[in-house]
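Undergrad: Take this structure first; my questions come after.
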Amino acid sequence: MKDRVGFNYEQEIERLKELFGFDFVGIALVQSPERGFELRWSFVTGNRNERYRRITLQSGKGLAGLVFKTGKPMFVGDVDNEWSGDNLFNYPIVATEGLKSFGAIPLYKYNRVKGVLLVGYRTGGKLTDVQFEKFKQEIGEEFGPFYNKEMVNDESD
């Protein structure tokens, strides 16, 4: 997440949506410490309704909270085959937007996760491993560095 002048998240997520043909693209950003570091979906495109605005997550809760906490991407190729129906309760953005195939990556700033970028389709099996890798390579410059957790310097060493 770059602090450069003129960067437009809305424009960039719309560009990614068009480039890959995603049904939904959203960015959840960490709120201030006064708000308990909760995550909120700040920028979205392709949404069905405005319910995403009411979703707030703590670290480790929901899709964004899990990616935020672990610092690792999450990929689900087909929700219907990989998850049970009661599992959707734990992932409100997936249920609300009817996502059936999605991937989410952590966005870093100063070696800390500051947000989560989610892309998905409303058709199962549409997002493939190969396409998800291409997507991860495409977003690097626009949103700041994307790292696998292993690439981030562990300050405990």
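Undergrad: So which of GLY103, GLY144, GLY125 ends up being in contact with a Lys or Arg (Cβ under 9 Å, 6 or more places away or on another chain), at pLDDT 90 or above and buried (at least 17 other Cβ atoms within 10 Å of the Cβ)?
TA: GLY103
Undergrad: Restricting segment 79-94 to residues that are buried (at least 16 other Cβ atoms within 10 Å of the Cβ) and more than 16 Å from THR45 (Cα to Cα), which is farthest from the chain's Cα centre (by Cα)?
TA: VAL79
Undergrad: Restricting attention to segment 37-65, which residues are in a loop (DSSP other than H, G, I, E, B), farther than 20 Å from THR123 by Cα and basic (Lys, Arg)?
TA: LYS61
Undergrad: For segment 10-28, which residues satisfy the criterion of being in contact with a helix residue (DSSP H, G or I) (Cβ under 9 Å, 6 or more places away or on another chain) and over 23 Å from GLY77 (Cα atoms)?
TA: GLU12
Undergrad: What is the one condition in (1) in contact with a helix residue (DSSP H, G or I) (Cβ under 9 Å, 6 or more places away or on another chain); (2) buried (at least 17 other Cβ atoms within 10 Å of the Cβ) that GLY65 does not satisfy?
TA: Exception for GLY65: condition (1).
Undergrad: Could you please tell me which pairs satisfy a Cβ distance under 7 Å, a separation of 6+ or placement on different chains, a first residue in segment 38-57 that is under 20 Å from GLU12 (Cβ atoms), and a second residue that is assigned to a loop (DSSP other than H, G, I, E, B) and modelled with pLDDT of 90 or more?
TA: The qualifying pairs are GLY46/PHE22; GLY46/ASP23.
The values are calculated or read from the model by the stated rules, or taken from the named source; none is laboratory data. None of these values were measured; they are calculated from a predicted model. Glycine also receives a Cβ, built like all others from the backbone with ideal geometry; neighbour counts cover every protein chain displayed.
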